[in-house]
Amino acid sequence: MGKNINLIKAGNLNILRRVLKEKRVATKPQLSELTGLSVVTINSLVNYLLENREIIEGEMLPSGGGRPAVSYKFNSEYKLALIIYMNEYNGENTAYIAVVNLYGEIIEKYEKVIREIDIYSFDNIIEDMTIKYPNIGIISFGMPVVEVNGRLLISDYKELENTFFTSYIKEKFNIPVLIENDINLAIAGYCFSNNISTKKTAIGIYFPNNYPPGAGIYINGKIHKGRNGLAGEIKYLPHNKIYWESFDYNLNKIREIIAKTILSFNCMYNPDLIVVYNDKIDETIIEEVTNNCNSEIERVMIPEIIISKEINKDFEIGIKHITLKELESYKE
């Protein structure tokens, strides 16, 4: 019986949290009306959230003829997220560091070039930020890596390969850690910001200037990772069997690889949308893809193709969205 009561209370708390977050400020009568919960229940839950500092008591508001009522404000800084995502900028490995509140609003953000990336490269950044912002409740990384069973099985940064990176960070700072692949986050961010229907399939293809390509697959409103999290490792496609260590990143070769990869995804997923991220590719590649089609069916399968140089923007949107969703799941 006690367990059921606790479950009901937890469910009601989550309803109240969601409503307060959406409204930002509300009185108890308003909260009762919006949630469908009784005033007695609202009183009890509001007291709990006040004690937990999830909400803040605000000013008195008019109550439509009666006595003014106390308002309650959602505390967007009750928990914060430290986001660190890596991207290639002007040929250098650049870390974008941000602290965001529960609305995804940036409190602080800066960039830092990290020339040698290993398991210890982020220690000072995290230490400084956690001292400055003790409410950080999650550390989230976006990098060109794939984690399998806690180990970075694939990494563009050789010193990180085969390390238990997330375990190291979690144990050192005693804060939950999330790590996600860069292109997965970018295509998710593109879909979030452009209101792409969850019924649609979208593919992101990222070809940096100095690293092998990768792809993200977004199906039914979720990132599709496959059995081991290795879906989208397109450098292993048969037509991409290249010795990447000596690949010269010639633009014509990059165009050829991207065109063939688009055709492969068309056959495998018949997507609604493909976003290609590269600094040097332009829309003429769409014509190249069409010219490589040998049949009417292949031409019918060509989806909307977007050529984008804004991976950083989509990357940031994606990592914020997924990180905050994860952070909210930690609430009692």
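Summary table
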quantity	calculated
Sparsely packed chymotrypsin sites (Phe, Trp or Tyr not before Pro) within the range 244-332, loop by DSSP, other Cβ within 10 Å at most 13	Tyr330
log10 of Debye I(q)/I(0), alpha-carbon scatterers only, for the chain at 0.12 Å⁻¹	-0.91
Lys, Arg +1 and Asp, Glu -1 on Cβ, resulting dipole of the chain about Cα centre, debye, nearest 20	1420 debye
Cα centroid separation, the range 46-119 to the range 301-332 (Å)	17 Å
The chain - mean residue ellipticity at 222 nm from DSSP helices (-39,500 (n - 2.57) per run, n ≥ 4, rounded to 500)	-11500 deg cm²/dmol
GluC sites (Glu not before Pro) restricted to the range 114-185 and DSSP loop, no more than 14 other C-beta within 10 Å	Glu116, Glu159, Glu161
Computed label-point distance, nm, for sites Lys172 and Ala69 using a 7 Å Cα→Cβ extension	4.9 nm
Listed residue pairs exceeding 26 Å between alpha carbons, taken from Lys9/Lys225; Lys112/Lys170; Lys23/Lys79	Lys9/Lys225
In the range 91-166, chymotrypsin sites (Phe, Trp or Tyr not before Pro) in a DSSP loop with at most 16 other beta-carbon atoms within 10 Å	Tyr103, Tyr120, Phe164
The range 2-74: projected area of the alpha-carbon convex hull, averaged over directions, in nm²	4.8 nm²
DSSP H segments from the chain that extend 15 Å or more along their own axis, Cα-based, with Kyte-Doolittle mean of -1.0 or above	2-23, 39-51, 182-193, 251-269, 311-328
Calculated FRET efficiency for the pair Glu304/Asp128, C-beta based, R₀ 30 Å, to 0.05	0.10
Contact order normalised by residue count of the range 2-74, Cα under 8 Å, 6+ apart, percent	30 percent
Protection proxy ranking of 198-211, 47-60 - average other beta-carbon atoms within 10 Å, highest first	198-211, 47-60
Selection from Asn240, Ile258, Ile285, by position along the positive dipole direction of the range 240-304 (Cβ)	Asn240
Spacing of the two label points (7 Å from each Cα toward its C-beta) at Lys200 and Ser329, in nm	2.6 nm
Beta bridge orientation in the chain: antiparallel %, DSSP, nearest 5	65 percent
Net length gained if the chain between Glu245 and Glu105 were fully extended (0.36 nm per residue, minus Cα distance)	46.4 nm
Shape parameters for the range 185-312, alpha-carbon atoms, Rg then Dmax in Å	14.0, 40
The range 185-312: relative contact order in percent, alpha carbon pairs under 8 Å with at least 6 residues between	26 percent
Mean separation of Cα contacts under 8 Å (6+ apart) over length of the chain, as relative contact order %	13 percent
The range 212-226-the range 240-266 distance, computed between alpha-carbon centres (Å)	19 Å
Full-stretch length increase - Asn210, Asn270 - with 0.36 nm per residue and alpha-carbon distance subtracted	18.7 nm
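Readers should treat all values here as calculations from the given coordinates under stated rules, not as data from a laboratory. What you are looking at is a predicted structure, and each value in this text was computed from that prediction instead of being measured. All Cβ positions, even for glycine, are placed from backbone atoms using ideal geometry, and neighbour counts span all protein chains on display.
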